[in-house]
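Trainee: Structure below; questions to follow.
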Amino acid sequence: MTNIVKSGSFVVVISSDKMGRGNDELGTLLIKSFLHAMAGQAQKPDVMIFYNTGVWLTVRDSDVLEDLKLLENKGVQILVCGTCLNYFEINDKHAVGVVSNMYDIVEIMSRARQLLVP
């Protein structure tokens, strides 16, 4: 089991490798910009959760890997859905964060003070 953060945490949930619906190219640019901006904010989230196609952002050669590693180094707990990594067959490419499961993800989301889902 993952080291669960305290109740009242600031949690960011990333469910896609794109931000918003519509144009995929724009969505890719927006998620990169969002994560870069998040890395530069004074108030960092306690936890970031990546699932579904969002797990692609946590693998080697991801355009946002540097920002995610910076966030992790500044104390942000990054959880990556293990089922999703398995589904996309990219376990061997996982490069940042801790592989987690839906039990931990649900617990963290349900205890969050602030839940941001871009």
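Trainee: Within region 84-118, take every residue that is in contact with a helix residue (DSSP H, G or I) (Cβ under 7 Å, 6 or more places away or on another chain), outside any loop (DSSP other than H, G, I, E, B) and of a type in the set (S, T, N, Q) and give me the one that is farthest from Lys44 (Cα to Cα).
Mentor: Asn91
Trainee: Going through Ala39, Ala95, Ala112 one at a time, which residue ends up being under 18 Å from Thr28 (Cα atoms) and either of a type in the set (Ser, Thr, Tyr) or touching a residue at least 24 places away in the same chain (Cβ under 8 Å) (or both)?
Mentor: Selected residue: Ala39, the only one of Ala39, Ala95, Ala112 that is under 18 Å from Thr28 (Cα atoms) and either of a type in the set (Ser, Thr, Tyr) or touching a residue at least 24 places away in the same chain (Cβ under 8 Å) (or both).
Trainee: Can you tell me which residue is modelled with the lowest pLDDT among those in region 96-118 that are exposed (fewer than 14 other Cβ atoms within 10 Å of the Cβ) and aliphatic (A, V, I, L, M)?
Mentor: Per the stated criteria, the residue is Val117.
Trainee: Sticking with this one: Checking Met1 against (1) over 20 Å from Leu116 (Cα atoms); (2) crowded, with 16+ Cβ neighbours inside 10 Å; (3) at pLDDT below 95, which single condition isn't satisfied?
Mentor: Of the numbered conditions (1) over 20 Å from Leu116 (Cα atoms); (2) crowded, with 16+ Cβ neighbours inside 10 Å; (3) at pLDDT below 95, the odd one out for Met1 is (2).
Trainee: While we're on this one: Take region 69-100 and flag every residue that is of a type in the set (Ser, Thr, Tyr) and either on the phi > 0 side of the Ramachandran plot or in contact with a strand residue (DSSP E or B) (Cβ under 7 Å, 6 or more places away or on another chain) (or both).
Mentor: If the condition is that a residue be of a type in the set (Ser, Thr, Tyr) and either on the phi > 0 side of the Ramachandran plot or in contact with a strand residue (DSSP E or B) (Cβ under 7 Å, 6 or more places away or on another chain) (or both), then Ser100 is the only one that fits.
Trainee: Residues being touching a residue at least 40 places away in the same chain (Cβ under 8 Å) and surrounded by 17 or more Cβ atoms within 10 Å (Cβ to Cβ): count how many of those fall in region 8-33.
Mentor: Selection size over region 8-33: 9.
Trainee: So, Val47, is that one β-branched (Val, Ile, Thr), under 19 Å from Ile105 (Cβ atoms) and out of contact with any Cys (no Cβ under 8 Å at 6 or more places or on another chain) or not? Walk me through how you get there before you give the answer.
Mentor: Numbers: β-branched (Val, Ile, Thr): yes; under 19 Å from Ile105 (Cβ atoms): yes; out of contact with any Cys (no Cβ under 8 Å at 6 or more places or on another chain): yes.
For Val47, the condition - β-branched (Val, Ile, Thr), under 19 Å from Ile105 (Cβ atoms) and out of contact with any Cys (no Cβ under 8 Å at 6 or more places or on another chain) - is met.
Residues checked against (1) crowded, with 16+ Cβ neighbours inside 10 Å; (2) more than 13 Å from the chain's Cα centre (by Cα):
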| residue | (1), (2) |
| --- | --- |
| Ala42 | no, yes |
| Asp46 | yes, no |
| Phe50 | yes, no |
| Thr53 | no, no |
| Asp63 | no, yes |
| Val76 | yes, no |
| Thr83 | no, yes |
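Trainee: Output the residues belonging to region 4-19 that are at pLDDT 95 or above and not hydrophobic (A, V, I, L, M, F, W, C).
Mentor: The answer is Ser15, Ser16, Asp17, Lys18.
The values are calculated or read from the model by the stated rules, or taken from the named source; none is laboratory data. Predicted model only: the values in this text are computed from it and were never measured. Neighbour counts are summed over all protein chains in view; Cβ atoms, including those assigned to glycine, are modelled from backbone coordinates with ideal geometry.
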